[in-house]
Amino acid sequence: MLLRRQKRIQRMLQLSPAPHALTIPDLLKLLADPTRLRILNLLSHGERCVCELTYLLDIKQSNLSKHLGALSRSHVITSDRRNKFVFYQLDASFLKAYPFAGEILTAIKKEPPFTTDDRNDQAYCDSDLTRDCLCASSETKARPEKHSGTRQ
């Protein structure tokens, strides 16, 4: 019985992809979706809670969850659960493994939907909404600054 369980665990480990084992075509398919690019653009400023992303992107939580799941399964982003809230951020090792992805994120900041997202993000960070957000009051750890104060 124990031997059978160990073999099953070994098979599961072999089936799960290693971090950043994406092929370039698979990565480009992942980045081809405009909503995913908008998510990554916002996460390039720092970690965000699901409720913040839902508000900033003005999309339904179920739609956002689908995209976050795809990005998370591909090891593009990482998540951290705090109480009942989940915070996401870009995986730094992903950007090291695929440096052109960082260049894409830099280049898209000049495009219309992304410039609007950046303006909305800055307005959100400067507003009282960040202090009133449910996830901000329930955190157990201090969150890092969302913006360094200088925008590019």
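Remarks
- When residues of region 33-55 are limited to those that are within 10 Å of the chain's Cα centre (by Cα) and not in a helix (DSSP H, G or I), the one surrounded by the most Cβ atoms within 10 Å (Cβ to Cβ): 48
- The condition (being more than 12 Å from the chain's Cα centre (by Cα) and either charged (D, E, K, R) or more than 18 Å from residue 119 (Cα to Cα) (or both)) is satisfied by just one residue among 58, 91, 80: 58.
- Restricting attention to region 90-125, the residues being surrounded by 14 or more Cβ atoms within 10 Å (Cβ to Cβ) and among the small types (Gly, Ala, Ser) number 3.
- Scope region 60-75; condition at pLDDT below 95 and not in a helix (DSSP H, G or I); matching residues: 74, 75
The values are calculated or read from the model by the stated rules, or taken from the named source; none is laboratory data. In this text the structure is predicted, and so the values were computed from the model without any measurement. Heads up, the Cβs are rebuilt from the backbone with ideal geometry, glycines too, and the neighbour counts pull from every protein chain shown.
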